[in-house]
């Protein structure tokens, strides 16, 4: 047994509501608890929701909770990862296609909007949506109607739309890679999920939850995370957030012998005092960056800018103030780094 975000004792796999399994969100953080209260209010409506936060913070779980608390939970939520689909197939995935619409379209296919009729559509990584498709998405969201690829008939749907991103969409709007009108249409309600390093009181709850999960999954005798091991976990900033913590707990369960977690099973990067903080990492103990001798000034500047952005949750205005740049100068430097990266990859 554990406690969910409502503070009620529940089975580990969650409660049931109308026969549906409740998504589990483990927390005792006041900001996260307030987030759930907002989710319950949003779930009563069809308001378009945008969930923002770093990778691994649990954005999809929050989307699942909105669907769970909504009046649409008798149908499954439909999820599409906008960054995992080849650009040429995104339109077909969203809106479907008619038979013969293009080479390989051997049969009619319903897209995600059709499949989500009467339910919830979750567009994950919306910041990766190709610019060419954004105008068609805007029309579908605004009018609730669309055409399949190769089709002439307008199809009406009733969809509750949730989007999520780890990017700052307003920055993409300003750079021209994301439509401003689509941004405002998706951003009727905006919710921000804080990273795990800003809610460390949740770490012991999450460790225990995932420990029980993997002990059951692998039929292993119960294990205990000692005070020393938990202290290591609390001293680490978890850049991969809850997803990273889950994977580390699984590793510990699998590699430990006896009834306690073997400290050797904990990855070296988490061991307090044993971390080697490269130029890309901020020391969680003193907020310093260790610079490798031989680094170029340009590399040092890029790393410092990147870590300053990370420390303020990618708020470019705040980062520019800390660095002593104008926001425009910061954008120019970031654009230069991105172009250099693309050249190296090409």
Inset, instruction - Assess whether residue 61 counts as being within 25 Å of residue 243 (Cβ to Cβ) and surrounded by fewer than 19 Cβ atoms within 10 Å (Cβ to Cβ). - result: yes
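I'm checking my understanding of the structure. Among residues of segment 260-289 that are over 28 Å from the mean Cα position of the chain (by Cα) and either more than 24 Å from residue 213 (Cβ to Cβ) or buried (at least 16 other Cβ atoms within 10 Å of the Cβ) (or both), which one is modelled with the highest pLDDT? First the steps, then the outcome.
As a first pass, look at segment 260-289 and keep what is over 28 Å from the mean Cα position of the chain (by Cα): 260-264, 273-274.
The next check asks that each one be either more than 24 Å from residue 213 (Cβ to Cβ) or buried (at least 16 other Cβ atoms within 10 Å of the Cβ) (or both); those that pass are 261, 273-274.
Numbers: 261: 92, 273: 35, 274: 37.
Within segment 260-289, the match that is modelled with the highest pLDDT is 261.
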Legend entry - Subset of segment 213-224 (residues that are farther than 20 Å from residue 56 by Cβ and surrounded by 16 or more Cβ atoms within 10 Å (Cβ to Cβ)): 223
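Could you tell me whether any residue of segment 110-117 is under 30 Å from residue 199 (Cα atoms) and surrounded by fewer than 20 Cβ atoms within 10 Å (Cβ to Cβ)? Spell out how you get there, then give the answer.
As a first pass, look at segment 110-117 and keep what is under 30 Å from residue 199 (Cα atoms): none.
Looking for residues that are under 30 Å from residue 199 (Cα atoms) and surrounded by fewer than 20 Cβ atoms within 10 Å (Cβ to Cβ), one finds none in segment 110-117, hence no.
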Inset, instruction - Tally the residues that are outside any loop (DSSP other than H, G, I, E, B) and in contact with a helix residue (DSSP H, G or I) (Cβ under 8 Å, 6 or more places away or on another chain), restricting the search to segment 312-341. - result: 14
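Here is a check on your reading of the model: is residue 66 under 20 Å from the mean Cα position of the chain (by Cα), surrounded by 17 or more Cβ atoms within 10 Å (Cβ to Cβ) and over 28 Å from residue 199 (Cα atoms)? Before you say what the answer is, go through the steps one by one.
Details: under 20 Å from the mean Cα position of the chain (by Cα): yes; surrounded by 17 or more Cβ atoms within 10 Å (Cβ to Cβ): yes; over 28 Å from residue 199 (Cα atoms): no.
No: the conditions fail for residue 66.
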Legend entry - Extreme residue, surrounded by the fewest Cβ atoms within 10 Å (Cβ to Cβ), among residues of segment 37-54 that are out of contact with any helix residue (DSSP H, G or I) (no Cβ under 7 Å at 6 or more places or on another chain) and in contact (Cβ under 8 Å) with a residue 12 or more places away in the chain: 44
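Tell me the residue from 133, 85 that is without any contact (Cβ under 8 Å) to a residue 24 or more places away in the chain, farther than 16 Å from residue 162 by Cα and in contact with a helix residue (DSSP H, G or I) (Cβ under 8 Å, 6 or more places away or on another chain), please. Quick ask: steps written out before the conclusion?
On the way: 133 fails: without any contact (Cβ under 8 Å) to a residue 24 or more places away in the chain.
None of the others qualify; the one that does is 85.
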Inset, instruction - Please go through segment 238-259 and pick out each residue that is outside any helix (DSSP H, G or I) and either modelled with pLDDT of 95 or more or crowded, with 16+ Cβ neighbours inside 10 Å (or both). - result: 238, 239, 240, 256
Inset, instruction - Please work out if residue 88 is touching a strand residue (DSSP E or B) at 6+ places or on another chain (Cβ under 7 Å) and not in a loop (DSSP other than H, G, I, E, B). - result: no
Legend entry - Selected residue (only one of 221, 228 is touching a helix residue (DSSP H, G or I) at 6+ places or on another chain (Cβ under 8 Å), closer than 21 Å to residue 202 by Cα and either assigned to a helix (DSSP H, G or I) or at pLDDT below 95 (or both)): 228
Legend entry - Residue pairs meeting the criteria (Cβ under 6 Å; at least 6 apart or on separate chains; first touching a residue at least 40 places away in the same chain (Cβ under 8 Å) and on the phi > 0 side of the Ramachandran plot, in segment 299-317; second surrounded by 16 or more Cβ atoms within 10 Å (Cβ to Cβ) and assigned to a loop (DSSP other than H, G, I, E, B)): 314/168
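Let's see how each residue does on (1) within 23 Å of the chain's Cα centre (by Cα); (2) modelled with pLDDT of 95 or more; (3) under 28 Å from residue 23 (Cβ atoms):
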{"position": "124", "(1), (2), (3)": "yes, yes, yes"}
{"position": "151", "(1), (2), (3)": "no, no, no"}
{"position": "161", "(1), (2), (3)": "yes, yes, yes"}
{"position": "166", "(1), (2), (3)": "yes, no, yes"}
{"position": "195", "(1), (2), (3)": "yes, no, yes"}
{"position": "202", "(1), (2), (3)": "yes, yes, yes"}
{"position": "205", "(1), (2), (3)": "yes, yes, yes"}
{"position": "208", "(1), (2), (3)": "yes, yes, yes"}
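The values are calculated or read from the model by the stated rules, or taken from the named source; none is laboratory data. In this text the structure is predicted, and so the values were computed from the model without any measurement. Ideal geometry is used to build each Cβ from the backbone, glycine not excepted, and the neighbour counts take in all protein chains shown.
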